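Below: the structure, in structure tokens.
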There are 2 protein chains.
Amino acid sequence: MSCRRVLLWGLGAIGTGIGEELHRRGYELAGAISHQVGEDLGDVLGVRRLEARVVAGPGELAEDALRADVCVIATASRVADVEQQILWALENGMHVVTCAEEMSYPAASRPDAAELLDEAARRAGRVVLGTGINPGFAMDLLPIVATAPCLEIHSLAVRRVNDLSPFGPSVWAMFGIGLSQAQFEEGVRNGTIVGHTGFRESLALIQRVTRLAVDEVVEEFVPIIARVERRGPRGPVAVGQVAGVAHSLEARWRGRVQIRLDHPQQVDPGAEGIGTGDFIEIRGRPEISLRIEPEIPGGVGTVAMVVNAIPSLDTLDAGLVTADGMGLPARRIPEFAEGYA
Amino acid sequence: MSCRRVLLWGLGAIGTGIGEELHRRGYELAGAISHQVGEDLGDVLGVRRLEARVVAGPGELAEDALRADVCVIATASRVADVEQQILWALENGMHVVTCAEEMSYPAASRPDAAELLDEAARRAGRVVLGTGINPGFAMDLLPIVATAPCLEIHSLAVRRVNDLSPFGPSVWAMFGIGLSQAQFEEGVRNGTIVGHTGFRESLALIQRVTRLAVDEVVEEFVPIIARVERRGPRGPVAVGQVAGVAHSLEARWRGRVQIRLDHPQQVDPGAEGIGTGDFIEIRGRPEISLRIEPEIPGGVGTVAMVVNAIPSLDTLDAGLVTADGMGLPARRIPEFAEGYA
């Protein structure tokens, strides 16, 4: 078991949550790269002092911060934004786990980068793994696992209804929450409102394992307009304003729906009587109807998926490992955390 | 892809279902060992003639029946009853997949046999895998997968409520269905009524992955007495007769319930307003409440778990592989079944 020393790259809400949990589980935090430059990492995480500084870039890391077994990258969503960070970590002999959404199946958006990262990881004898709650679990791995007792699959539909109330201002902005419909449409046009990142990756994961044929993919992206006032910790959303986004993807074969992914994300859905949850419907033999209510929470879920993946890294073959290659997904605590609940 | 040719050992309801589905997916059926001696395997399976005979024992198999990549063993529940069959298949160069309940985690009942089978499999360079719906999925792998987004687990409860109506007379006898309470108690004493086989295996799988500490295991086994008449394809169960068995296991640590497995199995539970389903409750951070309603059906589910495991055999390291080591559980069809829905 060599995966005990971890370098954190990115200390936003997710990166901080990962750092706290790693500390709680007995991992050694080697250091961190983030914008809280000069602070002690323990202070940033709200744990005891760790005598590990937060620095602005990898070039400023102390010698002992480079002796990490794993680099956890929680800086961005896109392959383009984490690619160089991953290559740097591999060159320094570290495994990489990242919650960058596109990295759950990088070949879906960037086949060239996926190949390059796989080669670099093999050369370094290390693993690069992308995971998270979604993509990475709720709308891909869990429905894939639900197919295990099936002889036939005629279609597969996944619906994830969540509540954005607890999320921060950057997430609210990404969904255009509180805007008028006209402002929302302008935001979609200029690319500031992007909705969910991960449908292409989830679809690719589902298709790769189930081998369901697809010849047409239709994506929809429409604002959810508040019909009653929505309330959240960040203030209300008035009637007529954008409360969220209904994002969906339909994968068809010869006109027939094979896979449908539905992901309405909004503030305070309960105000309009909408319950949250993760719903999987498999039509086939047998039919499987699975519900998790309320939904698996996004933030803590992503932190857990990343942290729980670390004990498996040394058991996987070197290379780029996509979410479906991490073995049986599970909560896995390290050997050295003996006695930990 | 060499896993294309399969030898069937056991042609009961499950073995026959496996044979049919393998044929449908384009596998070659090399032959079968069962009591329908002398019949063409295709006739037994209800498909086209296969020019493969059913024989009474391995010594009677034709030369080409021995050239199989995989032997599927669906003959019995206990390690003791399949151990020699598995060793024979390994000696003849075949992987083994079996739905023998105890083989999902053979070390739970027979650590000596588990070690011996592992050694034999490694020596043969082949895989031995035990799987099925339960044990093998509903009450172990699926709850394990549901822990993946968890930081903490305080307790884990799994409840599987199923309907025994569609099962055959041997299953009815195993649960004492239709007996008086006194007859049931006599059957439990003389060992003819055994209830569910698999709790020890499911518990071992859950513990091995989650590492939840356990210092006391309490098993309960009580008859479910019909309070209204129950109806099924095999005739009614009268008021006052045994309609099934409520079998449960509680694994505690320092007096606290860590893992609870509940498996009431009965004929026509709907007659008393009891809905069937698979229910998983994880107390921890976050809490996960998962429901599959109705329950994943037992028969077809076990057939699917076995058949879906075959394409992964060549990707696993040689040895005894327990259900948690089969990688990501999923419906997996072979490469040569291109175009198959």
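The values are calculated or read from the model by the stated rules, or taken from the named source; none is laboratory data. All figures in this text were calculated on a predicted structure; none of them were measured in a lab. Neighbour counts are summed over all protein chains in view; Cβ atoms, including those assigned to glycine, are modelled from backbone coordinates with ideal geometry. What goes into the accessible areas is simple: the full protein's heavy atoms, side chains included, and nothing from ligands, DNA or RNA. Shrake-Rupley method; radii C 1.70, N 1.55, O 1.52, S 1.80 Å.
Figures for the structure shown
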read-out	value
Net charge dipole size for the range A:75-234 [Lys, Arg +1 and Asp, Glu -1 on Cβ; Debye, nearest 20]	500
Peptide-level mean, for A:210-216, of C-beta atoms on other protein chains within 10 Å	3
Under-5 Å amide H pairs with A:Gly31, H placed in peptide plane, nonlocal only	A:Leu8
Amide H contacts under 5 Å for A:Cys71, placed H, 5+ residues apart	A:Leu7, A:His95, A:Val96, A:Val97
Rg to Rh, two decimals, where chain A supplies the alpha carbon set and Rh follows Kirkwood	0.98
Cα point-scatterer Debye curve for the protein assembly as shown, base-10 log of I(q)/I(0) at q = 0.09, 0.11 Å⁻¹	-0.82, -1.19
Farthest positive-ward along the range B:187-237 dipole, Cα basis, beta-carbon charges - from B:Gly198, B:Val218, B:Pro236	B:Pro236
Surrounding net charge for A:Gly93, when Lys and Arg each add one and Asp and Glu each subtract one, Cβ distance under 10 Å	0
Amide hydrogen neighbours beyond the local backbone of A:Ser165, cut-off 5 Å, H modeled	A:Asp268
A/B buried area, accessible surface, summed, 1.4 Å probe, Å²	4100
Order by protection proxy (mean Cβ within 10 Å, highest first), peptides B:298-304, A:244-250, B:270-276	B:298-304, A:244-250, B:270-276
Cα gyration tensor shape of the range A:39-189, rounded if a/c is under 1.5, else prolate or oblate by comparing a/b with b/c	oblate
Accessible area of the protein assembly as shown belonging to carbon and sulfur atoms, whole % at 1.4 Å probe	49
Table column - 3J(HN,Hα) (Hz), the range A:256-263, Karplus curve with 6.51, -1.76, 1.60, x for Gly and Pro	9, 6, 9, 9, 10, 10, 10, 9
Per-copy distances of the B:Glu293 label point, shortest first, in nm (7 angstrom along Cα→Cβ)	0.8
Helix A:199-210 vs. chain A, principal-axis angle (Cα, 0 to 90°, nearest 10)	90
Tilt relative to chain B, helix B:79-91 - C-alpha long axis, 0 to 90 degrees, to 10	20
Angle between chain B longest axis and helix B:298-309 axis [Cα atoms, degrees, rounded to 10]	50
Lys, Arg +1 and Asp, Glu -1 on Cβ, resulting dipole of the range A:188-341 about Cα centre, debye, nearest 20	400
Given charges at beta-carbon only (K, R positive; D, E negative), |dipole| of chain A in Debye	560
Where the protein assembly as shown is the region considered: accessible area per residue in Å², 1.4 Å probe	38
Stretchable slack from A:Asn190 to A:Trp253, in nm (0.36 nm times residue separation minus alpha-carbon distance)	19.5 nm
List of the range B:292-312 residues, accessible area with partners at least 30 Å² below that of the chain alone (1.4 Å probe)	B:Ile292, B:Glu293, B:Ile296, B:Val300, B:Ala304
Whether the range A:216-314 is rounded, prolate or oblate, judged on the alpha carbon gyration tensor where a/c under 1.5 counts as rounded	oblate
